[in-house]
Amino acid sequence: MIGISKLYCGQVEPSDALRYGRRSGALPSHLLQFSEDKKPVLVWNMTRRCNLKCVHCYAQAEGEKGEDPISTAQAKAMIDDLARFGAPVLLFSGGEPLVRRDLPELARYATSQGMRAVISTNGTLISKQKAKELKAVGLSYVGISLDGTRELHDSYRKNAEGKPSFDEVIRGVELLKKHEVEFNIMATVNECNVNFPAEFYSSLKELSSFVQFTPVVERTARGDVATWSVPPEKWGKFLCTIFDEWVRHDVGKIFVQYFDSTLANWVDAPPSVCTLARTCGHAGVMEFNGDVYSCDHFVFPEHRLGNIHSRTLTAMMYSERQLQFGKNKHDALPKQCHACRFLFACNGECPKNRFAKTQNGEEGLNYLCQGYYAFFEHAAPYMESMKKELEAERPPANIMQMLRKNELNIHRQ
C-alpha cells in the first residue's frame, strides 16, 4: 500500500523538462497532483488483500486469498457515483489491487466514464495476459513498487512465506515493456537501502526514466519511531548523493520527483509531489466501502469526510473542513519553520511526519527536517543556476555542460 505522496500522473517526456519555465507559471499539467481541470485526485483502496507481507507496510493488509468486500457490480456503481461530479484521476490501490481479477475490467470502466485511471502495484502478479489486459484498458500509467537492487528490495519486500519478490517484480516490468504499457518506478527508502544511494539510483534508472523516492517514516503503537524508518541525517545524505549524480548526468533524461519538485518551488511553480506543496488536501482517499478521508495518511474517524453513496466527491473535497485541513499544513508550522530560509522549498513536508520538537522545544517539527535542510543547502547553488536558465528561457539541462566546463562557481563551507 502506498501513500498519496507516491502518485505522479503520467509518463514524463524529456522535452517536457526543457519547457519548465517561470513565464508559463506552472509545470506541465500532467506533473501535477490534479487532473487537467484541477479536479482532485482520488486514491481508491479497493481491497485489503495483498500477496506480499512487506516489513514497512503501514496498511493492515490481509492475505491474497479471501473474498473482496465489494463485488464488481458494486465497484462499477461506485465509479458511476464518482463520474457524476467530473473526471478525476482515479488511482486504484490496495492492498494489492491486482489480486482482484476484475481490476482491468474496472479500470477500463473508469476510463469509459472519462476518468484517468492509474494503478499502483507491487508488480509481482503481472502475467503476459494481465499485461495485455492493462494495455487494452487505456491507463495513464502503472506505478511499480521497487526498492533498488535485488538485495535491497528483498530485504523488506517478501511474500507471506518469507520468499523474496524481486525477480517477480522484474518479470512484471519486462512484460509491461514488451506490451508497451507506460509505467513508473516508485521506491520507498528505509533504514536499510538508504545506505546505498548510488547503487539504488543506478539500478532504478536502468528501468525507467521516472524515479520516485518516498521516505519510510512510521511509528509504533507507543509512539516510538519504527526501526525500519529512514534516519533523518541519512535521508539527507541519500538525496545529496543521488542529486550529485543526477545534476551532472541526468537532468532532462531521468526525472527524480523530489528534484523536479524542488526546482518547481525554486521558480515559484506548483510542485508535483504534495509533500513539498504549501497546502495539501487536494488528494483524497476512498476506502472499499465508499468512505472518503482527507488523505491516505489520515484515514481516521476525525478525518472522514463522508461516503460517496450519500455525498458527492466535489462536496467533500471542497468542503470547508477539507480546505482547512489543507491550510493547516502551513498555518500549523512551528516558529522555527517560519524562520527557515528553505521554508519555500520544504513547506514542512508531510504533516504526518511532524512529531519532532524544535530547538526551543516547540512541537510540530518534521522528523526529517535535518535531512531536508542538508539537501536544500547542498542543492541551492545548482537550483539557482537552473532557475537562471529557466528565466532566460533556456533548458535547465544546460547545467550539466556548465559543470563539465567548470563554469559554475559553487563554494562549500
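Miscellaneous remarks
- Restricting the stretch 138-153 to residues that are surrounded by 21 or more Cβ atoms within 10 Å (Cβ to Cβ) and of a type outside the set (Gly, Ala, Ser), the residue that is farthest from residue 228 (Cα to Cα): 139
- Taking the listed residues 325, 300, 243, 238, the one that is more than 22 Å from residue 351 (Cα to Cα) and not charged (D, E, K, R) is 243, with no other qualifying.
- Residue count, the stretch 382-404 (criterion: open to solvent by 40 Å² or more (accessible area, probe 1.4 Å) and under 16 Å from residue 245 (Cα atoms)): 3
- If the condition is being buried (at least 22 other Cβ atoms within 10 Å of the Cβ) and either part of a helix (DSSP H, G or I) or free of Cβ contacts under 8 Å to residues at least 24 places away in the same chain (or both), then the stretch 248-257 contributes only 257.
- Condition check for residue 278: basic (Lys, Arg), open to solvent by 10 Å² or more (accessible area, probe 1.4 Å), part of a loop (DSSP other than H, G, I, E, B) and closer than 24 Å to residue 48 by Cα: no
- Leading residue by the ranking (surrounded by the most Cβ atoms within 10 Å (Cβ to Cβ)) among those in the stretch 334-350 that are assigned to a loop (DSSP other than H, G, I, E, B) and over 22 Å from the mean Cα position of the chain (by Cα): 334
- Qualifying position, being more than 27 Å from residue 72 (Cα to Cα) and at pLDDT below 95, among 270, 334: 270
- If you go through the stretch 361-395 and keep only what is at pLDDT below 95, within 27 Å of residue 275 (Cβ to Cβ) and in a loop (DSSP other than H, G, I, E, B), you end up with just 395.
- When 244, 260, 268 are checked against the criterion of being surrounded by fewer than 17 Cβ atoms within 10 Å (Cβ to Cβ) and in a helix (DSSP H, G or I), a single residue qualifies: 244.
- Hits in the stretch 274-298 - residues which are in contact with a Phe, Trp or Tyr (Cβ under 7 Å, 6 or more places away or on another chain) and in contact (Cβ under 8 Å) with a residue 60 or more places away in the chain: 282, 284, 285, 286
- Taking the stretch 351-364 as the range and being open to solvent by 20 Å² or more (accessible area, probe 1.4 Å) and either free of Cβ contacts under 8 Å to residues at least 12 places away in the same chain or within 24 Å of the chain's Cα centre (by Cα) (or both) as the test, the residues that pass are 351, 352, 354, 355, 356, 357, 361.
The rows are residues; the columns are (1) charged (D, E, K, R); (2) modelled with pLDDT under 95; (3) open to solvent by less than 20 Å² (accessible area, probe 1.4 Å); (4) within 20 Å of the chain's Cα centre (by Cα).
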residue: 173; (1), (2), (3), (4): no, no, yes, yes
residue: 190; (1), (2), (3), (4): no, no, yes, yes
residue: 207; (1), (2), (3), (4): no, no, no, yes
residue: 213; (1), (2), (3), (4): no, no, yes, yes
residue: 221; (1), (2), (3), (4): no, yes, no, no
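- Test: residue in the stretch 227-239 that is more than 21 Å from residue 383 (Cβ to Cβ), open to solvent by less than 10 Å² (accessible area, probe 1.4 Å) and of a type outside the set (Phe, Trp, Tyr): yes
- Hits in the stretch 155-169 (condition: closer than 18 Å to residue 128 by Cα and open to solvent by 40 Å² or more (accessible area, probe 1.4 Å)): 167, 168
The values are calculated or read from the model by the stated rules, or taken from the named source; none is laboratory data. Keep in mind that this is a model prediction, so the values were computed, not measured. Cβ coordinates were reconstructed from backbone atoms using ideal geometry, including for glycine residues, and neighbour counts include every protein chain displayed. All accessible areas refer to the heavy atoms of the entire protein, side chains included, with ligands and DNA or RNA removed. Shrake-Rupley method; radii C 1.70, N 1.55, O 1.52, S 1.80 Å.
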